[in-house]
Amino acid sequence: MKSDIEIKDDVYKIIKGSELEKAVTGKLSKTLRPLNSGKEDIVISMLDNGKGQIQEAFVNVNIYILSLIHISEPTRLALI
């Protein structure tokens, strides 16, 4: 059975170096979004890691972007 940390590490490895990570301007994190970040950041968090013979886990991948009011390029959201 995998721990929360091992599952987050697996998801991190999938995203690290991917087109998604390359598309955002900020950082990829397994813990918290950088304080006062004005960039686009990706944060991985665990919602639930089931116990039992068959393990089912729920993972959130949050992608933070600037408010739509501040985006100068209307197509930037579509690129991400």
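The values are calculated or read from the model by the stated rules, or taken from the named source; none is laboratory data. These numbers come from a predicted model, not from an experiment. Every residue, glycine as well, gets a Cβ built from its backbone with ideal geometry; the counts of neighbours run over all protein chains shown. Please note that ligands, DNA and RNA were not included when accessible areas were found on the heavy atoms of the full protein model with its side chains. Shrake-Rupley method; radii C 1.70, N 1.55, O 1.52, S 1.80 Å.
Miscellaneous remarks
- Here Ile63, Ile14, Ile42 are screened, and the one residue that is at pLDDT 90 or above, open to solvent by 60 Å² or more (accessible area, probe 1.4 Å) and under 9 Å from the mean Cα position of the chain (by Cα) is Ile63.
- Within segment 17-39, the only residue that satisfies the criterion of being touching a helix residue (DSSP H, G or I) at 6+ places or on another chain (Cβ under 6 Å), open to solvent by 30 Å² or more (accessible area, probe 1.4 Å) and farther than 11 Å from Val59 by Cβ is Glu21.
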